[in-house]
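Here is the structure we will look at.
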Amino acid sequence: VAKSIAVIAGDGIGTEVVPAAMRCIDAALAPEGHVLHWHELDWSSARYHREGAMMPADGIEQLDRHDAIFLGAVGDPSIPDVETLWGLLIPIRRRFDQYVNLRPVRMLDGVPSPLGPDARCDIVIVRENSEGEYSELGGRFGDGDDAFAVQNDVFTRRGVRRIARYAYELARSRRRDLTSATKSNGIIHTMPFWDENVTDVGRDFPDVASRSVLIDALAADIVRKPGSFDVIVASNLFGDILSDLAAAVAGSIGIAPSANVDPSRMHPSMFEPVHGSAPDIAGRGIANPVAQIWSGVLMLEHLGLSSAAHRLMQAVEDTVREGVLTPDLGGDAGTADVADAVVARLAPASH
Ligand SMILES: NC(=O)c1ccc[n+]([C@@H]2O[C@H](COP(=O)([O-])OP(=O)(O)OC[C@H]3O[C@@H](n4cnc5c(N)ncnc54)[C@H](O)[C@@H]3O)[C@@H](O)[C@H]2O)c1
């Protein structure tokens, strides 16, 4: 199999962890005779400074010609986040209708959790990725002390039902347990609408145990008993927050992967770590590449290269278990050391 991948390393540590992860992915594919053709795009904050935009005017059309998009992170202290986010990430997610944002959170052996050595969790957060709280509707009005801002959430029946269905189907392939994040006691229009539609879709899945939990209680439960969750379905904002929380519980945001999926496969899906460009550690070669490599595992699975995906994940888990850790996990390895260790585990044994 030969697939074409658009690579946007982006900013900050994106430019460090993406090449490291590409090496690991190539090493996982090589013994199986599969190849990814990487098409590297310099779309970034540097481009914004140079040319006034994060990506070219026909950027979306260019990306559409590829089988998947492998993204590092965008964001630079010299540019307002709204420019980097709405100039690249959000248009890609929306134009390609990548309405599922999958965020697996699993504790890896060897990664210390702030909850202690016995804590366990294996959760997939299914975040709605196309509507909800991240909306352009609204504006700023008035002046001076009378100034105010309005931000409107958008929840459509189609949008809620399709993410709920995806989550239920995923739960069916796992431990058949689904939790829906809500806040219907405080947000009185959109959240009861979310609940009703999730419940309704759930009628088609009598074999999946499900419940609706208020987001505040759910956040506390992810810390108190992370092992009790399987699939969590949440709106755009709630899913975003919960996945950083769950990633921290699992040890570090430096290991948390994500996939922006168009389940219809009409357009390329996009694979990126949960973390951002981490300007505080960029340029030092110490960023943890695990989240980026694990995002690569999700990409290989999506492309049907599941045996390479499995071997790559195994190599990452072995590397971490054996203590090759970056500073965010308490080690002193660099980005390249971790990638080297993963590649070494994937190389065919030499005689
Ligand atoms: N998808 C994206 O491209 C994306 C996502 C989140 C934030 N951002 C952007 O990134 C910039 C920085 O945002 P932030 O600081 O809030 O979040 P961040 O995720 O970049 O960093 C948060 C903290 O986690 C640490 N960290 C993150 N990834 C790490 C890794 N791989 N290894 C070790 N430590 C790691 C950082 O050093 C920092 O202390 C902002 O411009 C923001 O908008 C982009």
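Whenever a residue of the range 78-89 is free of Cβ contacts under 8 Å to residues at least 40 places away in the same chain, its partners that are assigned to a helix (DSSP H, G or I) and within 9 Å of the ligand (Cβ to nearest atom), lying with C-beta atoms within less than 9 angstrom and at least six residues away or across chains, give the pairs S78/S45; I79/S45; E83/S45.
Give the residues of the range 203-246 that are in a loop (DSSP other than H, G, I, E, B), surrounded by 18 or more Cβ atoms within 10 Å (Cβ to Cβ) and free of Cβ contacts under 8 Å to residues at least 40 places away in the same chain, sorted by residue number. Scanning the range 203-246 gives a single hit, F205. Here D340, D328, D332 are screened, and the one residue that is within 11 Å of the ligand (Cβ to nearest atom) and open to solvent by 60 Å² or more (accessible area, probe 1.4 Å) is D328.
Would you point out which residue out of A259, A247 is touching a helix residue (DSSP H, G or I) at 6+ places or on another chain (Cβ under 7 Å) and within 25 Å of R95 (Cβ to Cβ)?
Working: A247 fails: within 25 Å of R95 (Cβ to Cβ).
On inspection, the qualifying residue turns out to be A259.
Scanning the range 177-191 finds one or more residues that are open to solvent by less than 30 Å² (accessible area, probe 1.4 Å), in contact with a strand residue (DSSP E or B) (Cβ under 7 Å, 6 or more places away or on another chain) and part of a helix (DSSP H, G or I). The strands (runs of 3 or more DSSP E) found wholly in the range 35-151 and carrying at least 1 residues that are open to solvent by 20 Å² or more (accessible area, probe 1.4 Å) and either in contact with a Gly (Cβ under 9 Å, 6 or more places away or on another chain) or at pLDDT 95 or above (or both) occupy 35-41, 100-106, 122-128, 138-141, 148-151. Of the helices (runs of 4 or more DSSP H) lying entirely inside the range 277-351, those containing at least 1 residues that are more than 19 Å from the chain's Cα centre (by Cα) are 306-321, 335-346.
The values are calculated or read from the model by the stated rules, or taken from the named source; none is laboratory data. Remember, predicted model here, so these are calculated numbers, not experimental data. So basically every Cβ, Gly included, is an ideal-geometry build from the backbone, and we count neighbours across all protein chains shown. Note: areas computed on protein heavy atoms with side chains; ligands, DNA, RNA excluded. Shrake-Rupley method; radii C 1.70, N 1.55, O 1.52, S 1.80 Å.
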